[in-house]
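The numbers here are math on the coordinates, done by the rules we state, and not lab data. Computed from a predicted structure; not experimentally measured. So basically every Cβ, Gly included, is an ideal-geometry build from the backbone, and we count neighbours across all protein chains shown.
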Amino acid sequence: MAAAARKTAIDEYKNRKPHRGVFAVRCSATRHVWVGASPNLEAARNGAWFTLRAGSHRDAALQAEWREHGEASFRYDILEELDDDVLPMAVPDLLKQKKREWALKEQARTLLP
């Protein structure tokens, strides 16, 4: 029975749909905000934190603040998720548009794709 449950859990994980949308990285020490968009929000967070911890994030200003204030000063917020019914061909353009809109709302810098 345990093997069947494990197989089911693995199948569910493999078949899950990633959450697509717009996110913000916020520094509580400086109140600076960076906005990004991704077809996989979980992977975007993991990737950002990995590169920041390694000191190799593409955004030099974000990396400098991370180095100065430390991981505890940062948080990752999901600002908006795209609906599941968005056509796959429309996703990249819609993510770019939503990223620009949220950057204006948040008065934030935008992260590179």
Long-range amide H partners of GLU80 with built H, under 5 Å: VAL22
Rounded to 10°, Cα long-axis angle of helix 60-69 versus longest principal axis of the chain: 90 degrees
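Excluding ASP93 itself, what net charge comes from residues whose Cβ is under 14 Å from its Cβ, given Lys and Arg +1 and Asp and Glu -1?
On the way: positive: ARG20, LYS96, LYS98, LYS99, ARG100; negative: GLU101.
Surrounding charge for ASP93 is +4.
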Rel. contact order, % - alpha carbon contacts under 8 angstrom, at least six apart, the chain: 36 percent
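Let's see if you can work this out: charge +1 on each Lys and Arg Cβ, -1 on each Asp and Glu Cβ, no other charges. What is the dipole magnitude of segment 19-110 about its Cα centre, in debye to the nearest 20?
With only Lys, Arg, Asp and Glu charged at Cβ, the dipole is about 400 debye.
Could you count how many Lys pairs in the chain have their Cα atoms under 23 Å apart, skipping same-chain pairs fewer than 8 positions apart?
Qualifying lysine pairs in the chain: 5.
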Positive-end extreme of charge dipole, segment 19-110 - chosen from HIS57, LEU94, ASN46 (charges on Cβ): HIS57
Cut-off 11 Å between beta-carbons: net charge of the residues surrounding LEU41, Lys and Arg +1, Asp and Glu -1: -2
Scattering profile of the chain at q = 0.23 Å⁻¹ [log10 I(q)/I(0), Debye over alpha-carbon scatterers]: -1.23
Hz values of 3J(HN,Hα) by residue in segment 101-106 - Karplus curve (6.51, -1.76, 1.60), Gly and Pro given as x: 4, 5, 4, 5, 4, 8
In degrees, nearest ten, helix 2-15 long axis to first principal axis of the chain (Cα): 50 degrees
Degrees separating the helix 41-54 axis from the principal Cα axis of the chain, which is the longest one: 50 degrees
